[in-house]
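Q: Mind having a look at this structure? Questions to follow.
The values are calculated or read from the model by the stated rules, or taken from the named source; none is laboratory data. From a predicted model like this one, the values you see are computed outputs, not experimental measurements. Counting neighbours? That spans all protein chains shown, and the Cβs are built from the backbone with ideal geometry, glycine included. Keep in mind that these areas ignore ligands, DNA and RNA; they rest on the heavy atoms of the full protein, side chains included. Shrake-Rupley method; radii C 1.70, N 1.55, O 1.52, S 1.80 Å.
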Amino acid sequence: MQDKGGQVRSPYLRVGDWLKTLTRKDAERARQEAENRFRRQGITFAVYGDEEAAERLIPFDIIPRVFAASEWRRLSAGIEQRVRALNAFIHDIYHRQEILRAGRIPASVIVQNAAFVPEMMGVDPARGIYAHIIGIDIVRISENEFYVLEDNCRTPSGVSYMLEDRETMMHLFPELFAHQRVAPVENYPSLLRKTLESVAPAACDGEPTIVVLTPGIHNSAFFEHAFLADEMGAELCEGDDLFVMDGALYMRTTQEPKRVDVVYRRIDDAFLDPLTFRPDSSIGVPGLFDLYRAGKVTIVNAPGTGIADDKSIYTYLPDVIEFYTGEKPLLKNVPTWRCSDTQSLTYVLEHLHELVVKEVHGSGGYGMLVGPTSSKKEIEQFRARLKANPANYIAQPTLALSAVPTYTASGVAPRHVDLRPFVLSGDRVRITPGGLTRVALKKGSLVVNSSQGGGTKDTWVLED
Amino acid sequence: MMLGRTAASLFWMSRYMERAENMARLLEVGHRISLMPGAIEGHRDEWRSTLLSAASEQTYSNKFDTITGPQVADFLIFDESNPSSIRSIIRTARNNGRAVRTALTRDVWESINTTWNELVAVKASELTPDRLPVFLDWVKQRSMSFRGAVLGTMLRNENYYFSQLGNFIERADNTARILDVKYFILLPKPSDVGSDIDTHQWGQILRSVSAHRAYRWFYRNSGYKPWLVAEFLILREEMPRSLLFSSAWICTALAGLSALHSKRYSVHDQAEETRDRLRNGRMEDIFQSGLHEYLQHFILSNNQLSRDIGATYNFP
């Protein structure tokens, strides 16, 4: 919120004034009211293997994070460039593989990658789009310096929190919105719908039928699946509700079967179709993938997009962007050591106490080491795992992440945040102004994942 | 157009919320009888009759050797291993609601979700017998809040009709069961018929469907008479928990679906036959052929209707 000289930066002027007048009592009441609201509406996420708290609330912070329009424009340009490159990259990987021929990425990184889906070779999705919905995790290091932490090209979650956080803020503090122009986010569901309609199969005439495919109520993001289906006016389906017949996809209704054109799936590749992928899976739709290959149905995001967000690929992203756009990347990658590389490994092993080390395929903040906050014993244990399988890890420096004011047990205090803007790609690229800000609620902590106790806050982009 | 699974979830959500209310009523009656010390010599099996009415005697005796009030109450309220406990029922209702949130209004969802959130905060150890009535009242109130939200906010479309079907199939089943079990199990000897205890049992049957006052208004100067109580709960359309009332509503909901779909199936005829038989029914005939047999037959055909509705509308 403040610049280096300790002055409140201009986008935060109003929020700064408001914080000065916010009493502890009011803040506490608002926090409580927000929590009740989330609880009443059942805005929760499920935690696997945690019977006691099978559904948890994600803590909500009442202090918004603010971007100026100019900051956002710069960020958006970088995001759009990245998203176009990611889609071009996936298309290339599943077609001519020019980038491998050019030697910019070693072929082994692709071919031996678990996220690479050979069945996608030669498939041409509508409009050439593979990753229709991308969430890009971004951290800010200084006023003008943003780094991309991770690209989420499979089924990024959190957009429902972006929308509910905004609803909650408008409900709790309407006067804050009255005094400045905060760019709206609530048209995300209708933009999502437009995006999904724009990638309907060529054979579809008339209004395409869209469904959201969920693994069911026990999935950690079920609330989001239901929320998006509801907001888009699309059916929320489980695998059993869909079936393939006479070269088309149908859903089982209370009357005749209804034809389906676009499936916004929120289940992983491996479970999509037991006939093509995991035969033991019961949550997918038998025959779906063959239909997809035949262009009779659109799957969003396309199978195999995970090849673009794998952590081992991430390190090559600056090259990927240059290769496909011919431009310098507008957003930087966090400097990253690939532990598969002997020299890098030596460096990483020597500097474990100052690095963050992550599993290449991990997510949710599991299986990682945060050097500066770990004990000697934890570091030594991790060292053994790392040595045993170095190719499974990458390492990054702990960046001086920007912190934003957050309401804590001891009053307003700075806490580290990241940002996940949501990008839609269909007939055009659409970026919702804002995104999901995740905040590490523990003092000094850099881990913002909800499964690790992180919270969320509303994210404002101020209009000029 | 809606998914078959959505229809099934709406149907079962409403069925289970109706069942929760019924379970609370049964427990209430058991509790009331247990509070009358020695009033009914030799008939202190009120908790067994509660288990029987709840169709839970078997699952209970698989777990416990003796029948005690607190144990039965705990089993029928909190026991997670008992699919008919209030906790299991409400959990199932909410899971069904969660699966079809997109088909529910916000009020319906929040009502059911709040019920669950409040229920999980209730600890078994805190529910001493003196607090039981307050808790059971709460269950009934929550069930009514749910029903009120359905009636007050849902569009009169498929969602609504499937929810109503679940509601009234369950209610018909419950009323028939209470009437059957209470009468034929609680009454031990033919010589008791017409006695104080008999009158008392009929009073409790009425109470378990919240109809003892309504009965007085309806039949004015008559005391509790078996054929009148049975008539009230079987043949009177004025009585909202009667078999005829429930049957008529099942037909209304099915007619709503048939109008929306412009399609009529054999389940429509099936439901209307049942309703018409009730409309034209006479208590003399029912008693003549045996009330127990009559009710057993009704329960079976009601279950069959439920399955046929599922098959007709593609419930998975």
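Q: Could you point to the residue in B:303, A:155, B:83 farthest towards the positive end of the protein assembly as shown's charge dipole, with +1 and -1 charges on the Cβ of Lys/Arg and Asp/Glu respectively?
A: In the protein assembly as shown, that residue is A:155.
Q: Residue-wise, which Karplus ³J(HN,Hα) couplings in Hz belong to segment B:153-160, taking 6.51 cos²θ - 1.76 cosθ + 1.60, θ = phi - 60°, and x for glycine or proline?
A: 10, 7, 4, 7, 10, 3, 3, 5
Q: Using helices alone, I'd like the mean residue ellipticity at 222 nm for chain A: each DSSP H run of four-plus residues gives -39500 (n - 2.57), total over residue count, nearest 500.
A: -9000 deg cm²/dmol, from helical runs alone.
Q: Under 5 Å between amide H atoms, partner at least 5 residues away or on a different chain: which partners does residue A:461 have, H built in plane at 1.01 Å?
A: HN-HN under 5 Å from residue A:461: A:67, A:183.
Q: Shifting gears a bit: At 1.4 Å probe size, with no ligands or nucleic acids counted, give the accessible surface of residue A:315 in Å², nearest ten.
A: Rounded to the nearest 10, the figure is 20 Å².
Q: Each residue of segment A:110-119 in turn: what ³J(HN,Hα) in whole Hz from Karplus with 6.51, -1.76, 1.60 and θ = phi - 60°, glycine and Pro shown as x?
A: Listing the rounded values in order: 8, 5, 8, 7, 5, 7, 7, 10, x, 4 Hz.
Q: Kirkwood Rh and Cα-based Rg: tell me the resulting Rg over Rh for chain B, rounded to two decimals.
A: Rounded to two decimals, Rg/Rh equals 0.96.
Q: Where only protein heavy atoms count, and the probe is 1.4 Å, what is the accessible area per residue for the protein assembly as shown in Å²?
A: The answer is 42 Å² per residue.
Q: Then there is this: What does the average come to when, for each residue of peptide A:232-243, you count the partner chain Cβ atoms lying within 10 Å of its Cβ?
A: 3
Q: Hey, what D do you get for the protein assembly as shown in µm²/s if you plug the Kirkwood alpha-carbon radius into Stokes-Einstein at 10 °C and 1.306 mPa s?
A: For these conditions, the coefficient is 53 µm²/s.
Q: Please list, ordered by chain and number, the residues whose modelled amide H lies under 5 Å from the amide H of residue A:441; skip anything fewer than 5 residues away on the same chain.
A: For residue A:441, the qualifying residues are A:455.
Q: Among DSSP bridges having both ends in chain A, what percentage is antiparallel? Round to the nearest 5.
A: Roughly 75 percent of the DSSP beta bridges within chain A come out antiparallel.
Q: Now for a separate question. May I ask for the percentage of alpha-carbon pairs in segment B:59-177 that lie more than 18 Å from each other?
A: Roughly 58 percent, once rounded to a whole number.
Q: For segment B:11-130, with all protein chains present and a 1.4 Å probe, just round the carbon and sulfur fraction of the accessible area to a whole percent.
A: 50
Q: May I pose another question? Quick one: dipole size for segment A:205-355, taken about the Cα centre, charges +1 on Lys/Arg Cβ and -1 on Asp/Glu Cβ, in debye to the nearest 20.
A: The dipole magnitude comes to about 180 debye.
Q: Over the Cα atoms of segment A:197-291, how large are the radius of gyration and the largest Cα-Cα distance (Dmax), in Å?
A: 12.9, 36
Q: Amide H to amide H, which residues 5 or more places from residue B:239 or on other chains are under 5 Å from it, using H placed in the peptide plane?
A: Distant-sequence amide H within range of residue B:239: zero hits.
Q: For the protein assembly as shown, give the magnitude of the charge dipole about the Cα centre (Cβ charges: +1 Lys/Arg, -1 Asp/Glu; no others), in debye to the nearest 20.
A: It comes to approximately 1200 debye.
Q: May I pose another question? Using θ = phi - 60° and the Karplus form 6.51 cos²θ - 1.76 cosθ + 1.60, what ³J(HN,Hα) does each residue of segment B:214-219 get, whole Hz, x for Gly and Pro?
A: Once rounded to whole Hz, the list reads 4, 4, 4, 5, 6, 9.
Q: Order the following by accessible area, largest value first: A:283, A:110. Probe radius 1.4 Å; ligands, DNA and RNA are ignored.
A: Descending accessible area places them as A:283, A:110.
Q: Rounded to the nearest 100 Å², what's the accessible area chains B and A bury against each other, both chains counted, probe 1.4 Å?
A: 2300
Q: So what does residue B:2 come to for accessible area, using a 1.4 Å probe and Å² rounded to 10?
A: Its accessible surface works out to 10 Å², give or take rounding.
Q: What whole number of Å gives the distance from the Cα centroid of segment A:176-230 to the Cα centroid of segment A:366-423?
A: The two parts, judged by their Cα centres, are 32 Å apart.
Q: Might you report the magnitude of the Cβ-based charge dipole of chain B about its Cα centre, with Lys and Arg at +1 and Asp and Glu at -1, to the nearest 20 debye?
A: Charge dipole of chain B: 840 debye, to the nearest 20.
Q: Helix-only estimate, please: 222 nm mean residue ellipticity of chain B, summing -39500 (n - 2.57) across DSSP H runs of length 4 or more and dividing by its residues, to the nearest 500.
A: Counting only the DSSP helices, I get -23500 deg cm²/dmol.
Q: On the accessible surface of chain A, probed at 1.4 Å, how many percent belong to carbon and sulfur atoms?
A: Whole-percent figure for carbon plus sulfur exposure: 49.
Q: Just to be sure I understand the model, the point goes 7 Å from the Cα along the line to the Cβ. What's the resulting residue A:25 to residue A:171 distance in nm?
A: 2.4
Q: Quick one: net charge around residue A:395, please, counting Lys, Arg +1 and Asp, Glu -1 for every other residue with C-beta under 14 Å from its C-beta.
A: Around residue A:395, the surrounding residues sum to +2.
Q: Work the Kirkwood hydrodynamic radius out for chain A: mean of 1/r over every pair of different alpha-carbon atoms, inverted, in Å.
A: That comes to 23.3 Å for chain A.
Q: I want the antiparallel fraction of DSSP beta bridges within the protein assembly as shown, as a percent rounded to 5.
A: Beta bridges within the protein assembly as shown, antiparallel portion: roughly 75 percent.
Q: When each pair of different Cα atoms in segment A:338-403 is counted once in the 1/r mean, what is the Kirkwood radius in angstroms, to one decimal?
A: It is 11.9 Å.
Q: Considering every pair of different Cα atoms, what Kirkwood radius, in Å, is found for segment B:1-108?
A: 15.3
Q: Still on this structure, I have one more. Holding the Cα-Cα limit at 25 Å, pick out from A:258/A:296; A:311/A:387; A:4/A:443; A:4/A:328 the pairs that are longer than that.
A: A:4/A:328
Q: Specify whether the C-alpha gyration tensor of segment A:381-461 places it in the rounded, prolate or oblate class, a ≥ b ≥ c being the square roots of the eigenvalues: rounded for a/c under 1.5, otherwise prolate if a/b is larger than b/c and oblate if not.
A: Since a/c reaches 1.5 but b/c is at least a/b, the shape of segment A:381-461 is classed as oblate.
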